[in-house]
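Reading through the C-alpha cells given below for one structure.
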Amino acid sequence: MIKIGASILSADFGHLKEEIRKAEEAGVDFFHVDMMDGHFVPNISMGIGIAKHIKKLTELPVEVHLMVENVDLFINEFEDMDYITFHIEAVKFPFRVINKIKSIGAKPIVALNPATPLDRIEYILVEVHAVLIMTVEPGFSGQKFIPIMTKKIEKLKNVIVENGYDTKIFVDGWINVETAPLAVKAGADVLVAASAIFGKDDVKTAVKNLREAALKALNKDFLNKNLDSNKDKQVKHNG
Ligand code: DX5
Ligand code: ZN
C-alpha cells in the first residue's frame, strides 16, 4: 500500500490548524516537516517550536526532515515525533545517530541528496525504518523532479528485496500526479508532497488524484510483472 505524507512547507503558515485539518480529511497518512538551518541547505524553514506545535495539532504521525548540519544538536528535541529523518551527507557517525533516534522512541530515516550514491548507506540499510530519496536538491519546494532518480530508486529496491530487508523507500521532491507513477513503478513505498497537496485549491481532490495515480501505476506494474512471469512459464513449458 502506498502512503502519502503531506509536506507542510507549502501550507499556509497563517492557518496551520485548518491546513492540517484539510489534509487529514483528504486522507493523507502523515505529516512531513522540513527543518532547515541555512547551512546544510541555502534556506531556513520551520524550527523546533513549529514542529512540536504541528505534532499537537494532529493524531497522525509526524516526520521531521532535518536538513541541518548539526543533526546531533536537535535529536533530543524530538522525542514526541514518530520519524526523524537525517541526511547521510551531514553525519560522520550514522550508527550513533540512528541509536540516538531509537533511544528517544522515534524511527530513524536516512535521506540522500540526489547525487549521493547508494553505497553510502549500504551498512546502515538494515538499521533504519526507511531511506528517503531526494528527487530534487533539498531546500525548496516547487523544483523540478530529477528523472534519473528513478534508476536510484530501482537500484535501492533491488538491494532491499535481495537482502530481504523491511526498509521502506520514501521519495521527496516534486512528487505529483505525473511523477508519482514513475517513483512508484521504480519501487517507492511512500510519497512526500508539498506543492501537489497544499499548493492546490482543493486539497481533497489533490490527495485523491495523487493516490489514484500512484495506485494505478502500482497495479499496472503488478499486472505487467505477472504477465511477464506467465510468459516465462509458457516459454519454459513449450521448450
Ligand atoms: C525540499 C523538501 C521537500 C519539499 C517538497 O527540500 O525536503 O519536502 O517540501 O516540496 P515539493 O513537493 O513542492 O517539491
Ligand atoms: Zn522534505
Could you go through the stretch 81-96 and let me know if any residue there is in contact with a strand residue (DSSP E or B) (Cβ under 8 Å, 6 or more places away or on another chain), away from ligand 2 (no atom under 16 Å from the Cβ) and of a type outside the set (Val, Ile, Thr). yes
Sort out which residues of the stretch 155-170 are surrounded by 13 or more Cβ atoms within 10 Å (Cβ to Cβ) and within 17 Å of Leu182 (Cα to Cα), and write them in order of number. Lys155, Leu156, Lys157, Lys168, Ile169, Phe170
Filter the stretch 136-149 down to residues that are within 16 Å of ligand 1 (Cβ to nearest atom) and among the β-branched types (Val, Ile, Thr) and give me whichever is farthest from the chain's Cα centre (by Cα). Ile146
Among the residues that make up the stretch 55-78, is at least one of them basic (Lys, Arg) and farther than 22 Å from Ser7 by Cα? no
Restricting attention to the stretch 25-63, the residues that are within 24 Å of Pro94 (Cβ to Cβ), away from ligand 1 (no atom under 11 Å from the Cβ) and either of a type in the set (Lys, Arg) or buried (at least 16 other Cβ atoms within 10 Å of the Cβ) (or both) number exactly 5
Only one of Glu19, Glu69, Glu59 is among the acidic types (Asp, Glu), assigned to a helix (DSSP H, G or I) and either at negative phi or over 20 Å from the mean Cα position of the chain (by Cα) (or both). Can you tell me which? Glu19
Subset of the stretch 122-158 (residues that are touching a Leu at 6+ places or on another chain (Cβ under 7 Å) and either charged (D, E, K, R) or more than 16 Å from ligand 2 (Cβ to nearest atom) (or both)): Thr150, Lys152, Lys155, Leu156
Applying the selection to the stretch 128-138, what residues are crowded, with 18+ Cβ neighbours inside 10 Å and not polar (S, T, N, Q)? Val128, His129, Ala130, Val131, Leu132, Ile133, Met134, Val136, Pro138
Residue list for the stretch 78-126, restricted to those being of a type in the set (Gly, Ala, Ser), under 23 Å from Thr150 (Cβ atoms) and either touching a Phe, Trp or Tyr at 6+ places or on another chain (Cβ under 6 Å) or surrounded by 15 or more Cβ atoms within 10 Å (Cβ to Cβ) (or both): Ala111
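Conditions tested, residue by residue: (1) in a strand (DSSP E or B); (2) modelled with pLDDT under 95; (3) of a type in the set (Val, Ile, Thr).
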{"site": "Glu137", "(1), (2), (3)": "no, no, no"}
{"site": "Lys152", "(1), (2), (3)": "no, no, no"}
{"site": "Val177", "(1), (2), (3)": "no, no, yes"}
{"site": "Ile197", "(1), (2), (3)": "no, no, yes"}
{"site": "Lys220", "(1), (2), (3)": "no, yes, no"}
{"site": "Asn226", "(1), (2), (3)": "no, yes, no"}
{"site": "Val235", "(1), (2), (3)": "no, yes, yes"}
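The values are calculated or read from the model by the stated rules, or taken from the named source; none is laboratory data. Keep in mind that what you see is a predicted model, and the values were worked out from it rather than measured. Every residue, glycine as well, gets a Cβ built from its backbone with ideal geometry; the counts of neighbours run over all protein chains shown.
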